[in-house]
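So the structure is just underneath, and the comments pick up after that.
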Amino acid sequence: ATKKDWWQYAQFYQIYPRSFMDSDGDGIGDLNGITSKLEYLKDLGVTAAWLSPIFTSPMVDFGYDISDFFDIQPEYGTLEDFRALIKRAKELDLKIILDFVPNHSSNESIWFKKSVNRERGYEDYYVWHDGKVNATTGEREPPTNWLQYFRGSAWEWNEVRQQYYLHQFAVQQPDLNYRNPAVVEQMKRVLRYWLKEGVSGFRCDALPPLFEVLPDAEGQYPDEVVSGATEDSEDRNYLTVKYIENQPETIDMVYQWRTVLDDYQRIYGGNSSVLLIETYAPAWFTMQFYGNRTREGAHLPFNFNLITVMEEKGLSAGHVKEAIDLWLNNMPAGRTPNWVLGNHDKRRAASRYGKEYIDAMNMLVMILPGVSVTYQGEELGMTDGEISWEDTVDPWGCNSNPSIYEQYTRDPERTPFQWTSGTNAGFTNGSTTWLPLAADYKTVNVESELAAEESHLKIYKELMALRKSSKTLQNGSTKYWVIGDDLFVVLRTYGDEDKYLLAINFGSKEETVYLPDLADRSLFRLIIKSLGSELTLGVWYGDLHVQPAEALVL
Ligand code: TEU
């Protein structure tokens, strides 16, 4: 086998800084909090931690609205604190990856203020448009009927500049104009700045809306006219996104960012740094982000299929197979697959798949080839918090109303991390937390799960250790089947090395698999089982009976 680079064996872990660990008692997580918990990550077996945005921000979208891309949010700490974090991470041989938010800035960014005033060099930093005049009413209206992700129009009138600006997210998140080379260069400066501070790469936020195709002065498109939202909906899902998502230029931009990273390494040496990119697109589009014959792209375009296919169709062995096929059958040769179960935008894995499947899903992503990305708390089986309308702070939730906000709000998956069964789950010494805790923190927390004989956390750690030590899991080939009605089986083999077999019963009745059929009459040893499984660890041959929701690694 060819020698692989560090990230191809890596275990990635997403930290949502606001909710990970609070060091100063204000109820909001911070950098010193993260630094104090790096040993926890090391102990888990994590290779690289990705931090959701830590930059200066008015926090309308909790850090995804950045007002200064070159500085740290004071609530989270200082640049010195960040350097201390990097230093401690290096001592522990942990890599730190930052969130890069290229699509937009905060409206409080100096760039936006200058652009509003048409200051020289900043005139076209954002996507400005005169709008159009309504033929019937004679009134001014936005140039298109485009909707933002967070409900409502994607255009906002600016009195000072006397033009509309585009915001694919909140009103306070104006879209940067990637047709302006100065913007492209500025954002490359952001990458270089943080590389210099010792980070090992970036998770690139929200790529689908990076470029858009605007109508001409008459409001016309080169081909057909974009169809609009249905009359009664404020939801972007109902809009034809042909002109505002996944334009081909986005792929080249990722290649350019890759060049920034590779050039940096060429000049300064050190380990390679990585690009993880957040994109929701059809497979044929997504796969191009990996690169092509002549250009390198993202190391890991996030694979959200285990989230999206299940959201759409429900959890079953067949749908799990479909999600895996969708990636592995479309991925260009020689690339590294990846598996994501959740993030700060999606209901927590244990709530979405069902609490009884959390071990199964953690096993799945760590037995499959490639790398996995854990969202903080998935290792514990943390579930969603229940947040009332009054306590709702997420802009997507706030842009709706009390009767439907639960459909939109992302607060439930962002509640504070659960460290102990004590006051405020050990997240803060203060008396409040920025979001209420999830109800189950007294039992679902690091302290209790480490103390327990068996726990989700212990299973997770065993899986991480296995993946780290097994040549088969790192380099082996992969087969998978749906057996019976709802049993999913994965087999990994690598020459004469140990084989690994994963069996998960997604159905409601016992399923049976005849082991000798699967792997050349090999003898199997049961080594990891989901919480509550009554099977005994040890040697197995012949029929393996798997109970509903049971998951087994042999
Ligand atoms: O999310 C972008 C994004 O595409 C999601 O809103 C996506 O549409 C949704 O999750 C699909 O269900 C990123 C960040 O992850 C999110 O937290 C930010 O609010 C957003 O960008 C704006 O920066």
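The values are calculated or read from the model by the stated rules, or taken from the named source; none is laboratory data. Please read these numbers as outputs of a predicted model, since none were measured by experiment. Cβ coordinates were reconstructed from backbone atoms using ideal geometry, including for glycine residues, and neighbour counts include every protein chain displayed.
Contact map, the range 91-104: first residue free of Cβ contacts under 8 Å to residues at least 60 places away in the same chain, second residue more than 10 Å from the ligand (Cβ to nearest atom) and assigned to a loop (DSSP other than H, G, I, E, B), Cβ cut-off under 7 Å, separation 6 or more or different chains; pairs are L94/V46.
Within the range 151-190, restricting attention to residues that are among the acidic types (D, E) and under 16 Å from G131 (Cβ atoms), the residue that is surrounded by the most Cβ atoms within 10 Å (Cβ to Cβ) is D175.
Contact map, the range 325-351: first residue within 29 Å of F20 (Cβ to Cβ) and of a type in the set (K, R), second residue within 16 Å of the ligand (Cβ to nearest atom) and assigned to a helix (DSSP H, G or I), Cβ cut-off under 8 Å, separation 6 or more or different chains; pairs are K346/I307; K346/R352; K346/E413; R347/P412; R347/E413; R348/P412; R348/E413.
When you look at I244, is it outside the structural domain of A549 (by TED's automatic domain parsing), within 16 Å of the ligand (Cβ to nearest atom) and not in a helix (DSSP H, G or I), yes or no?
Numbers: outside the structural domain of A549 (by TED's automatic domain parsing): yes; within 16 Å of the ligand (Cβ to nearest atom): yes; not in a helix (DSSP H, G or I): yes.
For I244, the condition - outside the structural domain of A549 (by TED's automatic domain parsing), within 16 Å of the ligand (Cβ to nearest atom) and not in a helix (DSSP H, G or I) - is met.
If we scan the range 434-457, do we find a residue that is under 19 Å from A10 (Cα atoms) and either at pLDDT below 95 or out of contact with any strand residue (DSSP E or B) (no Cβ under 8 Å at 6 or more places or on another chain) (or both)? Yes.
L147 passes every criterion in (1) away from the ligand (no atom under 16 Å from the Cβ); (2) over 30 Å from L195 (Cβ atoms); (3) of a type outside the set (K, R); (4) surrounded by 20 or more Cβ atoms within 10 Å (Cβ to Cβ) apart from (1). Of all residues in the range 153-170, those being farther than 20 Å from P215 by Cβ and within 16 Å of the ligand (Cβ to nearest atom) number 2. Against the conditions (1) over 22 Å from D130 (Cβ atoms); (2) modelled with pLDDT of 95 or more; (3) surrounded by 15 or more Cβ atoms within 10 Å (Cβ to Cβ), Y193 satisfies every one except (3). Close Cβ contacts (under 8 Å, 6 or more residues apart or on different chains) running from residues in the range 166-187 that are under 13 Å from G121 (Cβ atoms) to residues that are more than 11 Å from the ligand (Cβ to nearest atom) and β-branched (V, I, T) comprise N177/V127; N177/V183. Quick check on the range 402-411. Is at least one of its residues of a type in the set (V, I, T), within 16 Å of the ligand (Cβ to nearest atom), farther than 30 Å from L487 by Cβ and surrounded by 22 or more Cβ atoms within 10 Å (Cβ to Cβ)? The answer is yes; a qualifying residue exists.
Filtering the range 90-108 to residues that are farther than 29 Å from N177 by Cα and over 21 Å from the mean Cα position of the chain (by Cα) leaves K90, E91, L92, D93. Residue count for the range 507-543 satisfying the condition of being within 17 Å of I459 (Cβ to Cβ) and assigned to a loop (DSSP other than H, G, I, E, B): 9. Within the range 288-306, at least one residue is within 20 Å of the chain's Cα centre (by Cα), closer than 19 Å to E245 by Cα, more than 16 Å from the ligand (Cβ to nearest atom) and not in a loop (DSSP other than H, G, I, E, B). State whether one or more residues within the range 510-526 are farther than 26 Å from H319 by Cβ, exposed (fewer than 15 other Cβ atoms within 10 Å of the Cβ) and at pLDDT 95 or above. Yes - at least one qualifying residue is present in the range 510-526. M363 meets the conditions (1) surrounded by fewer than 24 Cβ atoms within 10 Å (Cβ to Cβ); (2) in contact with a strand residue (DSSP E or B) (Cβ under 6 Å, 6 or more places away or on another chain) in every case but one. The failed one is (1).
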